[in-house]
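Just below is one structure, and these are the notes that go with it.
The values are calculated or read from the model by the stated rules, or taken from the named source; none is laboratory data. All values reported here derive from a predicted model rather than from experimental measurement. Using ideal geometry, Cβ is built from the backbone for each residue, glycine included, and neighbour counts are taken over all protein chains shown. Ligands, DNA and RNA are excluded from the accessible area calculation, which covers all protein heavy atoms including side chains. Shrake-Rupley method; radii C 1.70, N 1.55, O 1.52, S 1.80 Å.
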Amino acid sequence: MDRETTISQSLESARILLAPCTQQLLTPEPGRMDISLATADLLPAVAALHLNGWGRLVAVTGLDLGVNEGDLEVLYHFCAGAAIVTLRVRVPKADAAIPTICSLIPAASFYERELGEMFGITVVGTPNPDRLFLPDDWPAGVYPLRKDFVVPEIPG
Amino acid sequence: MQKNDQADKFIIPIGPQHPALKEPGHFEFTVDGEIVTGATIRLGYVHRGIEKATESRTWVQNLYLLERVCGICSHIHATAYCLGVERLAGLSVPPRAQAIRELVVELERIHSHMLWLGVAAHEAGFDTLFMYSWRDRETVMDILEGLTGNRVHYSANILGGVKIDVDAEQTKTILQGVDFLEKRTHHYLDVVTTDSAFVQRTAGIAVMSKAVAEHFGAVGPTARASGVTQDIRIDAPYLAYEDFPVEIVLDTAGDLKARFVVRVQELFQSYQVIRAILDKLPAGELAVTMPRRIKENETISRVEAPRGELFYYLKSNGTDKPERIKIRTPSICNFGTVPALAAGHQLADMPMILAGIDPCFSCNDRMVTIHRPADDSQTWTWEMLRQYGISYYREKER
């Protein structure tokens, strides 16, 4: 079986597994599938992939949609071979909270800590909400990867 | 990874500056006597805000910034970024450029694995192996310098291709170097599998089963030493890996020894693929022109860095600067395995267990000979230092 067939079969099986949770499905480029979900469907969607052995969680990306936008996005990237599935969850900045997926995938702990400190997203139930990268004396409520955070100019 | 908050346990904090690692990281080991029962990790001591910094720099400027994420696997970061940006811009990079990129990637892997071999041997107290492997590593460092002009941040890539070419003279030098290294690597494989004192520090230590490796998301040689069949070069070939493939190196033992064997054997794969590339280097252009602005889009770029899968997420917004770049390095995946590996082992095994995952160390130190006037007191040659040392002690004896 050639690689392209394997990739399309992988993506098709992911599509079927995720169908109950899918709000919108996009195929932005060959080998990739992008699925938007409601926050409440995140855990069932991750479980559908993980418990059926579909690939592995490769990274979690936080996105600020813009200074004038009210929302943040969290992208969970899963890969099986060359096939990539991204689960996309949108949360309002005013109430940025998502459930933890560590009960299923403990390796997500680092990614969830990063979301918390860099984007101010509360990951409900994450086993360790401590800072991972930012210094201990970093001011509370300042989230550097949000678009409204402007890097201060260094004088001179 | 639970928080360490049991008040009745004895917690030994190690780091951020500590004897085991040359780069800062803070570990808290919960111990029961000599035996470690748990561990937590605090990173970020060298956090430089690079992801944020990319958002205020142009696509071209970011190439140079991102090459500096790591001082060991610099080229692979630049390559992952270039592949992503080129996909966003819809560029088709000439085959010769992709092959040269792959050549540098594999030379870099050799330098990285040999660096690791030395560091890991040093953690085991086997400094002879450390010094020999680092001496031999100079061969590949010289090749990289000869090829690109730089030892660490090679800067071989540009968006749209490469800025270096390989001529017949360089091919000869590279092949000679690779032959020498291959001979040495056979010796190292022999040492790490048969030296009884060394094997006592590695065999059966920090055993990670395939299931545990998958559970904690280990990547790269750390995962492959536990029998996880995962290598992005094979799973999702990029650059010229379709034409110049590598074979996966696996071990099922899952202990520290297996991590040594896998990394050393991966060197043979790199030698093989370098010879193949130099033998059949495609002719043609080295680069295509890259547009300044990229329309709104997003992509994912995955490559196999020396430490495992490196992941880039790139989002463009129509300007000459990216909207967002997310980098997930292999070390963060492998760090997650340390608490699980540490439990049940002696505290004295911790440096080796940490080194076993090959956490990303910086290295760019070297001896430089600069030709300056003899009266320049700021530059000392080795001979001047030696003479100074001799006369200093003579003075002292009087």
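Couple of notes before you dig in:
- Reduced Cα scattering model of the stretch A:80-123, Debye log10 I(q)/I(0), q = 0.21, 0.27 Å⁻¹: -0.79, -1.05
- The longest stretch of chain B left intact once loop-based chymotrypsin sites (Phe, Trp or Tyr not before Pro) with at most 14 other Cβ atoms within 10 Å are removed from consideration, loops following DSSP, is B:46-379.
- The ellipsoid that matches the Cα gyration tensor of the stretch A:5-156 has semi-axes, each √(5λ) in whole angstrom, of 30, 17, 14, with the longest given first.
- Based on the Stokes-Einstein relation at 4 °C and a viscosity of 1.567 mPa s, and on the Kirkwood radius from alpha carbon pairs, the stretch B:92-178 is assigned a translational diffusion coefficient of 93 µm²/s.
- Taking the empirical scaling 2.2 N^0.38 Å for compact globular proteins as reference, the stretch B:252-292 has a Cα radius of gyration ratio of 1.97.
- In the complete set of protein chains, residue-level accessible area for B:Arg292 is approximately 150 Å², probe 1.4 angstrom.
- Legend: P(r) of the stretch A:69-156 from all alpha carbon pair distances, 10 Å bins from 0, whole percents, reading 15, 43, 30, 10, 2.
- Taking every DSSP helix (H) stretch of at least 4 residues in chain A, weighting each as -39,500 (n - 2.57) and dividing the sum by the residue count yields a mean residue ellipticity at 222 nm of -7500 deg cm²/dmol.
- For B:Lys280, the lysines whose Cα falls under 27 Å of its own Cα, not counting residues fewer than eight places away in the same chain, are B:Lys163, B:Lys172, B:Lys183.
- More than 19 Å apart - percent of Cα-Cα pairs taken over the stretch A:3-93: 36
- Working from the Cα coordinates of the protein assembly as shown, the gyration tensor eigenvalues give, after taking √(5λ), semi-axes of 37, 30, 26 Å in decreasing order.
- √(5λ) per eigenvalue of the Cα gyration tensor, chain B, largest first, Å: 34, 29, 23
- A convex hull fitted around the alpha carbon atoms of the stretch B:190-304 yields 146 Å³ per residue.
- Sorting B:Glu86, A:Glu12, B:Glu123 by solvent-accessible area of protein heavy atoms yields A:Glu12, B:Glu123, B:Glu86, largest first, with a 1.4 Å probe.
- Charge dipole (Cα centre; +1 on Lys/Arg Cβ, -1 on Asp/Glu Cβ; no other charges) of the stretch B:50-356 amounts to roughly 760 debye.
- Accessible-area ranking of B:Asp136, B:Asp349, A:Asp2, largest first, probe 1.4 Å: A:Asp2, B:Asp349, B:Asp136
- 10 °C / 1.306 mPa s Stokes-Einstein diffusion coefficient of the stretch B:31-146, Kirkwood radius on C-alpha pairs, µm²/s: 92
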